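The values are calculated or read from the model by the stated rules, or taken from the named source; none is laboratory data. All of these numbers come straight from a predicted model, not from anything done at the bench. FYI the Cβ positions are ideal-geometry reconstructions off the backbone, even for glycines, and counts take in every protein chain you see.
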Amino acid sequence: MSLVYIGLGANLGQPQQQLEQAFIELARLPNSTLVTQSSLYHSKPVGPQDQPDYVNAVALLETTLEPLALLDALQQLEQDHGRIRKRHWGERTLDLDIILIDDSVIESERLTVPHPFAQQRSFVLIPLSEINPELVFPNGKALGQLLTELDNDLIRIRD
């Protein structure tokens with residue numbers, strides 16, 4: 001059984017509802033249990049600024065799915081929500097990213113864990129701190145320390 005932190009984001013097609021539905025769908029993944037979820041947050045986009053602001057959150061899953069099987073399941077959920085990949089860091093109806101899997105470090109063609117930008121993004125770290133404020137990344141960096149190094153530009157929109 002693995003503990004997996006998943007980052008959620010959306011800025012198209014009623015983003016708050018997209019994330020609420022995604023939490024329900026994550027809870028229904030095979031061989032998985034949705035342990036908890038963070039509040040929802042409003043954030044500015046990363047990358048192109050000519051797109052709507054985002055709604056973000058983090059979920060904690062307990063699963064026996066192998067990492068690539070979980071990635072496939074998450075990508076299928078994105079497709080079910082009508083995600084179309086038009087441009088890098090562009091707008092989306094739903095984005096589901098594997099942030100951490102236990103203390104694993106994975107570097108493959110399809111999957112990098114920990115997520116390569118997680119430690120630099122307040123829209124990941126702040127919701128993550130709600131779930132596990134004592135978290136330490138596999139590289140030894142404590143979540144609490146990382147939070148002191150970032151600007152908090154998030155607005156909580158729902159607990």
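The residue pairs whose first member lies in the range 99-125 and is part of a loop (DSSP other than H, G, I, E, B), whose second member is among the hydrophobic types (A, V, I, L, M, F, W, C), and whose beta carbons are closer than 6 Å, counting only pairs six or more residues apart or on different chains, are Asp102/Leu3; Ser104/Val113; Leu111/Leu71; Pro114/Leu100; Pro114/Phe137; His115/Ile99.
In the range 51-64 there is at least one residue matching the filter, namely being touching a residue at least 24 places away in the same chain (Cβ under 8 Å), touching a His at 6+ places or on another chain (Cβ under 7 Å), farther than 27 Å from Glu107 by Cα and surrounded by fewer than 16 Cβ atoms within 10 Å (Cβ to Cβ). Inspect the range 35-46 for any residue being crowded, with 18+ Cβ neighbours inside 10 Å, more than 27 Å from Leu150 (Cα to Cα) and in contact (Cβ under 8 Å) with a residue 60 or more places away in the chain and give the result as yes or no. Within the range 35-46, not a single residue is crowded, with 18+ Cβ neighbours inside 10 Å, more than 27 Å from Leu150 (Cα to Cα) and in contact (Cβ under 8 Å) with a residue 60 or more places away in the chain. Here the condition is being closer than 16 Å to Tyr5 by Cα and either surrounded by 14 or more Cβ atoms within 10 Å (Cβ to Cβ) or in contact with a helix residue (DSSP H, G or I) (Cβ under 6 Å, 6 or more places away or on another chain) (or both); of Asp72, Asp97, Asp102, it holds for Asp97 alone. For the range 1-17, the set of residues classified as farther than 12 Å from Ile98 by Cβ and outside any loop (DSSP other than H, G, I, E, B) consists of Gly9, Ala10, Pro15, Gln16, Gln17, listed by residue number.
Which one of the conditions (1) under 15 Å from the mean Cα position of the chain (by Cα); (2) over 23 Å from Gln120 (Cα atoms) does Ala59 fail to meet, given that it meets all the rest? Exception for Ala59: condition (2). Taking every residue in the range 3-30 that is without any contact (Cβ under 8 Å) to a residue 40 or more places away in the chain and over 12 Å from Leu94 (Cα atoms) and pairing it with any residue that is part of a strand (DSSP E or B) and aliphatic (A, V, I, L, M), at least 6 positions away or on another chain, the pairs with Cβ-Cβ distances below 6 Å are Ala27/Leu34. Among the criteria (1) crowded, with 16+ Cβ neighbours inside 10 Å; (2) within 29 Å of Asp151 (Cβ to Cβ); (3) not charged (D, E, K, R), the one Ser32 does not fulfil is (2).
Criterion applied to Gln75, Gln119 was being under 13 Å from the mean Cα position of the chain (by Cα) and at pLDDT below 95, and the one residue passing it is Gln119. Of all the listed residues (Ile131, Ile84, Ile155), the sole one being within 23 Å of Glu20 (Cα to Cα), under 13 Å from the mean Cα position of the chain (by Cα) and among the hydrophobic types (A, V, I, L, M, F, W, C) is Ile131.
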